[in-house]
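Right, one structure below, let's go through it.
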Amino acid sequence: MNLSPTFEITQSIITVSELNRNVKTVLENNIPLIWVNGEISNLKQYPSGHWYFSLKDADAQVRCVMFRHKNRYLDWQPREGMQVEVLALVTLYEARGDYQLNIETIRRAGLGTLFEAFERLKKQLEKEGLFDIARKQQLPAFPRQIGIITSPATAALRDVITTLQRRMPTLPIVIYPTPVQGKDAGKNIASAVATASTRHECDVLILCRGGGSIEDLWAFNEEIVARAIAACSIPIISGIGHETDFTIADFVADKRAPTPTAAAEMASPEITELKQQLNRLHQKLHHAIARQIENRMQKIDLLAHRHTHPGERIQNQLLQLRHLQERLNSFITRQLERKSWTLSTYQQHILFIRPELVRLTEHHKRLSERLNQACAYRIETMTTKLQHQQMQLTQLNPQTILNRGYSITYSSQGTVVRNANQIHTGEKIQVKFAQGRVDAAVTKTNRKNSETK
């Protein structure tokens, strides 16, 4: 670590407060959290909950402080003269200029070896995959029987049984008695887990142990227990110690509960809650069935309204047929009466005018002959007039004139030349004959005669 000071030598003068503040900064920035071993001396516990003491060895001592929000999690009480190991930040109390240790956590001396063994086994098992989520089993929602692996003398067992009986009084419980502390406790716990797995008479198991120091809970940190839990065919809940206590068994187990009581709550359904849920489902089902029945009843009424008995339908159709027959008869009668009346009117009219059919026939014949004669005369007259007009058109046709030897002269602008004054010497002209055209140039013009070439 780098302990070189960060001060620069200057001629300025600083106050004691500034000096202590700078020294504190140097200490905190250059010395990380460290473990320190020593003996507790002059331990004082203030009403505020803070602890003040000195940590010493044969040659030196250092002041220490552990604030209430740090020491309240300890489950043991430090005493004067006790050998301990502290994890602390080296700092300075500015008001008095005292160099001291601000303690984060404290443990009895010798526990460092246990923690090292704990971390070593934890890393080994984690590398082997015993902590993987994929291998953990799901807890049954409604277990038929629960097994508890613990010592019959532990107070935690009574809490677990009380909780299970409160939540589900009819749920059977099997206790697999085993020591949970002391020599060979780990082997006994592993044997109990293997027995429960072999008998397979429970749907879920609870590892139960009350709180204690790391030495008290060490049986649950042994490798033999961890592997027995991993090999168990029944889901296991670890309910070991307090919420702040962690063991290897917690990491291998399928579920970890913060306390034994919480493990019992996690393993068993709550009968009151189940009854309430069942009542809610019953009411929901009742309402759903009632709505379905009402919908079906309404549908039946609608179908009944649409559906009629075949006999009733035939009777209705017969009535409708009779009604249509009566309407048809009435319509035919009215039509006959109307036609009879019209016929009678025509008869009376015929009788009134009494037409002379022979005379009218002769008159019609004469009119037809006159019409035919008039049409024939009209056609003949129009044919003669048409032939005359056709002869006139033939005589006036320019092509006919050209056929007699005449020609038409066009100027370079494309206009018809009717006078020699319209063209000039050197101008290009075009002469059209009956058959073909000729392009020529004017070499000379004469008002009376004109020559073209």
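The values are calculated or read from the model by the stated rules, or taken from the named source; none is laboratory data. The structure presented is a predicted model; accordingly, all values stated were derived computationally and were not measured. Backbone-built Cβ (ideal geometry, glycine too); neighbour counts: all protein chains shown. Note: accessible area is taken over every heavy atom of the protein model, side chains too, but ligands, DNA and RNA are not part of it. Shrake-Rupley method; radii C 1.70, N 1.55, O 1.52, S 1.80 Å.
Can you find a residue in segment 297-317 that is open to solvent by less than 100 Å² (accessible area, probe 1.4 Å) and within 35 Å of the chain's Cα centre (by Cα)? No: zero hits.
Being within 24 Å of ASP245 (Cβ to Cβ) and touching a Leu at 6+ places or on another chain (Cβ under 6 Å) is the requirement here; does ILE149 meet it? Against the criterion (within 24 Å of ASP245 (Cβ to Cβ) and touching a Leu at 6+ places or on another chain (Cβ under 6 Å)), ILE149 qualifies. Selection of strands (runs of 3 or more DSSP E) fully inside segment 392-442 by the criterion of at least 3 residues being open to solvent by 50 Å² or more (accessible area, probe 1.4 Å) and at pLDDT 80 or above returns 428-432, 437-441. Pairing each residue of segment 413-439 that is among the charged types (D, E, K, R) with any residue that is open to solvent by less than 50 Å² (accessible area, probe 1.4 Å), provided the two are 6+ apart or on different chains, yields C-beta distances under 6 Å for GLU427/VAL442; LYS428/ALA441; LYS432/ILE408.
Filtered by the rule that a residue be within 18 Å of ALA228 (Cα to Cα) and within 44 Å of the chain's Cα centre (by Cα), segment 147-169 gives GLY147, ILE148. If you go through segment 87-127 and keep only what is surrounded by 16 or more Cβ atoms within 10 Å (Cβ to Cβ), assigned to a helix (DSSP H, G or I) and of a type in the set (Lys, Arg), you end up with just LYS122. Checking each residue of segment 40-55 against the condition of being touching a Ser or Thr at 6+ places or on another chain (Cβ under 8 Å), on the phi < 0 side of the Ramachandran plot and open to solvent by 60 Å² or more (accessible area, probe 1.4 Å) gives no match.
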